[in-house]
Each structure stands twice: as C-alpha cells, then as structure tokens.
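This report refers to the structure that appears directly beneath it.
Quick note: the coordinates plus some simple rules give every number you see, no bench work behind them. In this text the structure is predicted, and so the values were computed from the model without any measurement. Note: ideal-geometry Cβ built from the backbone for every residue, glycine included; neighbour counts use all protein chains shown.
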Amino acid sequence: MVLELFDIIAGSFSCIFTTISLIVGLIIVSKYKKFKQKIYIYVGLTWIFISEPWWPSSVSFLIALFTGGDGLLSAPAIYFIIGNIFIPFTVILWLAAFTDLMYPKKQKIILLIFVIYGVIFEIFFFYFLVIDISLIGILEGITDVTYKFLVQGYLLSIIIVLFITGFIFSRQSLKSDDPDIKLKGKLLVTAFTLFTVGALLDSAIQLNEITVIITRIILISSALCWYAGFILPRWMREIFQKSS
C-alpha cells in the first residue's frame, strides 16, 4: 500500500511528538535520583503516557513505512488498544502528583474516584471491542481515527481534568516571589494550555496536510514547556531572562 502525503506527514509528526514526550518524561523521572522526590516520577511518567493517543498513529505509520503494508488499518482493535489502554493510569499518575502537593488529605478519595472512573471506562472499552468495535471508532486511514462517544467523551473529560488541575497546580508557582519558580509556573500554564488546545484541535477538526502539522507542533511545544516547567535548565532560564 502506497503511503499518502497526509499519512507521511501525520505519521512523522506523531513519531516526533511521542519520541520527544518519551525523552522529556525519562529526563524528568531521572531527577528522582538527585532530589529523592516522588513528584519527578509522577510527572515524568505522566508526560510519557499523556502522548499515548498518538502511539498507534506512530506505530501504524512505521509498520506501513517499513513493510509497504497498510499499518494497523486492518487491525483496528490493536490500534484502539495501543491508543487508549493506559489513559486511566495516566490520570492517576498526574492526580497523585497534584494531590501530593495540593490536597494531601483528599488524595485517597480523589484517586479512588478516578480509579473507579477508569475501571468503568476500561470495562465498556473492552466490551465494545468484543461486541461491536465500530462503537469505539473508525480508522480513517493508516494514521487517522475518528472515535465515537465512549472514547471521545472519556478523553474530553480527562483533558478538562488535566487543564483545571494543571491551572490550579501552576497558580501556586505564579504567586511565588522567586523569579525561577514564577517562570516555571508560567511555563506549566503554557504547557497545559498548549496540550489542551492541541489535543482538542486534533480530535475536533478535519485534519489535512496543513492542520495536522499545526496541531502536532502545538503538542510538541507543550512537551517542551512541560520539561522546562519542571526542570528549567540553566541555558533555558538564561534565554527567558534575556528575552524578558
């Protein structure tokens, strides 16, 4: 099967985004050895898994690229599993970090609520996967999918939760008198905003060769802001200081 231009662009940018997300996540996780704070494990793994919806696009593209086949187009169940199975786990990781710092006394109840929410999603997901896979979504091509209400609704609710909790989390840093911490807060607000915009655009509009580049660049930018918001290396701090 010959790859269309859209598939090449979409697949390539999915690979770039997921690779950058993996690198960013692993770098942040590695900081645990130095600071001995679980927050680095939580937020590092969060960003690795937050890119999961773009994993199947990357995998399908690479399979088609190197085999000349149709990627995962003929295996929609695998495509859907790769892109969704860890989403509930991702939310738990982030909320563990969020509640650890913001609402430690309410951590157990908040996590319990979202564990139950995630289990319910997984039950319906695999039920539909067996009974009628079209209720989950339809593959539009090698690298593109249109999800139905179950996945679309769940993902939208998770994006909203991430944005709201992310803003609350970042707001504390914005109140700091320390310029570095305040800068981290601004970068984290930017990261959450860019990811929300990128994810919503990616799922809500009809993607073409131009719009897919725009949405994936937004997502890539969110990953870099996430990295800077938690790590803020010296060279990056100096760049922002010079530009301010």
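Here the stretch 134-155 is the region considered, the condition is being aliphatic (A, V, I, L, M) and surrounded by 15 or more Cβ atoms within 10 Å (Cβ to Cβ), and the residue that is farthest from Lys184 (Cα to Cα) is Leu135. Counting the residues of the stretch 9-43 that are part of a helix (DSSP H, G or I) and in contact (Cβ under 8 Å) with a residue 40 or more places away in the chain gives 20. Would you check which residues across the stretch 13-62 are within 11 Å of the chain's Cα centre (by Cα) and hydroxyl-bearing (Ser, Thr, Tyr) and list them? Thr18, Ser21, Thr46, Ser51, listed by residue number.
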